[in-house]
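One structure below.
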Amino acid sequence: MQSKEINIVLFGIGNVGSTLIKQVQAAKETFAKKNIRVNIPIIANSTTAFFSKEGVDNGWETDFSKLGVPYSILDVVEFINGKQLPNVVAVDATASQEVVNNYVLLIRNGFHIVTANKIANTLDIEFYTALRTALKQYNKRFFYETNVGAGLPIIETLRSLNASGEKISKVRGVFSGSLSYIFNTFSAEERPFSEVLTEASDLGYTEPDAREDLSGNDVARKLLILARELDLQKEFTDVQVDSLIPKKLNGKTTATQFKQRVKELDEPFHFEKTKLKEGQVLRYVGELSVVDETLDVKLVPESKDSPIGQLKGADSLFEIYAESYGDQPLVIQGAGAGKEVTARGIISDIVKLTDVIN
Ligand SMILES: NC(=O)c1ccc[n+]([C@@H]2O[C@H](COP(=O)([O-])OP(=O)(O)OC[C@H]3O[C@@H](n4cnc5c(N)ncnc54)[C@H](OP(=O)(O)O)[C@@H]3O)[C@@H](O)[C@H]2O)c1
């Protein structure tokens, strides 16, 4: 069997990026058994890049801090082209729009793209379409399974059901690990909402400013990505989002002020709990009705015997309602966030590339 070489240019060496390097090093033997050689010739953060034709190894952190240099995207392209490295994939493990702005340039210069960054798939539909046109024109691949549900196979499953003519009527679920934890815990225990929120934050489940989770915008972005995957030409503004942040704590309130006033959340969420009927729990769900073309992010009462009602910990859960499955949805559940599962999901996308390259 002919051996294949893949060269990764890694943008972002934070939680996900650094875990990716570690996992790639650890999986080298597995790749070798399949005649695949995975090399990481460039790693970069927002200001500095480390270039090495042979690829980084376990000592990458020292190399990066000693030998990293300021760089521009053109330096990256020049290095790759100059060394004539085959099968190059730009891996975006940032949350940066700047990196996304370079995707088309990278594609034109022969790079495939694998991304954990949701921005490219949630900008306006014009950008979304232009990106896909460039990919077609230059015969390059774009994988982004980790955009929704981290390592869980959501996008791939939807895409293959859709491509096989399956009629998908609805996708519904708990899309956020942090909000899963918060409502699973808040519903099961008699504790104030603020205490549960602070606990979720201490466990590292929420963003440093928990309002980023509570705004519902991240769930909305994931919902939009799934809608577009099912050929709906929707924009972010089409998503109806019920934010969990009371108006008085949004806007001009700083993150520190929000933390100081977090107890003000207790009363409204206690009230939501009092409205529940026997056997119901609260869940923050994303719901895409393919039939009605609506996208909603909202706090709902859910039967505690349903798959969503039974969720525990910080798991995500996705229900796909499709004609061949009848009334029972196809359910995908598991850790929907975390650096280990996300990095593994990126590698799995990279491995998919080996099927289409020489
Ligand atoms: N963590 C998860 O569980 C998870 C799950 C699914 C998806 N994701 C997505 O994965 C991405 C990375 O998450 P993370 O948790 O690893 O973030 P992180 O720890 O904050 O790391 C971000 C990295 O991106 C770099 N970066 C920022 N702007 C850049 C630029 N213009 N060019 C090159 N590098 C740049 C940062 O470098 P500096 O230090 O120089 O700023 C840093 O190394 C995000 O889009 C996130 O939404 C994460």
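Every number here is computed from the coordinates shown, using simple stated rules; none is lab data. Quick caveat, the model's predicted, so the values are computed rather than measured. With ideal geometry, Cβ positions are generated from the backbone for all residues, glycine too; neighbour counts draw on all protein chains shown.
The residue list 337, 119, 87 was ranked by how far each Cα lies along the charge dipole of the chain toward its positive end, using unit charges on Cβ atoms, and 87 comes out on top.
Evaluated with a Cβ-only charge set (Lys, Arg +1; Asp, Glu -1), the chain carries a dipole of roughly 740 debye about its Cα centre, given to the nearest 20. Dipole magnitude for region 154-336: about 400 debye, using +1 per Lys or Arg Cβ and -1 per Asp or Glu Cβ, origin at the Cα centre. With a ≥ b ≥ c the root eigenvalues of the C-alpha gyration tensor of region 216-290, is it rounded (a/c under 1.5), prolate (a/b larger than b/c) or oblate? Oblate is the answer for region 216-290, as a/c is 1.5 or above yet b/c matches or exceeds a/b. For a test of the definition: using alpha carbon positions, the gyration tensor, and the 1.5 limit on a/c, classify region 235-328 as rounded, prolate or oblate. It comes out oblate by the Cα gyration axes. Give the angle, between 0 and 90 degrees and rounded to the nearest 10, that separates the Cα long axis of helix 217-229 from the longest principal axis of the Cα atoms of the chain. In the chain, helix 217-229 runs at an angle near 60 degrees to the longest axis. Separation of region 122-174 and region 68-89, taken as the distance between their Cα centroids, equals 28 angstrom.
By DSSP, the beta bridges lying fully in the chain are antiparallel in about 60 percent of cases. Report note on the peptides 284-290, 299-305, 179-185, 162-168: ranked by the mean count of other C-beta atoms within 10 Å, highest first, their order is 179-185, 284-290, 299-305, 162-168.
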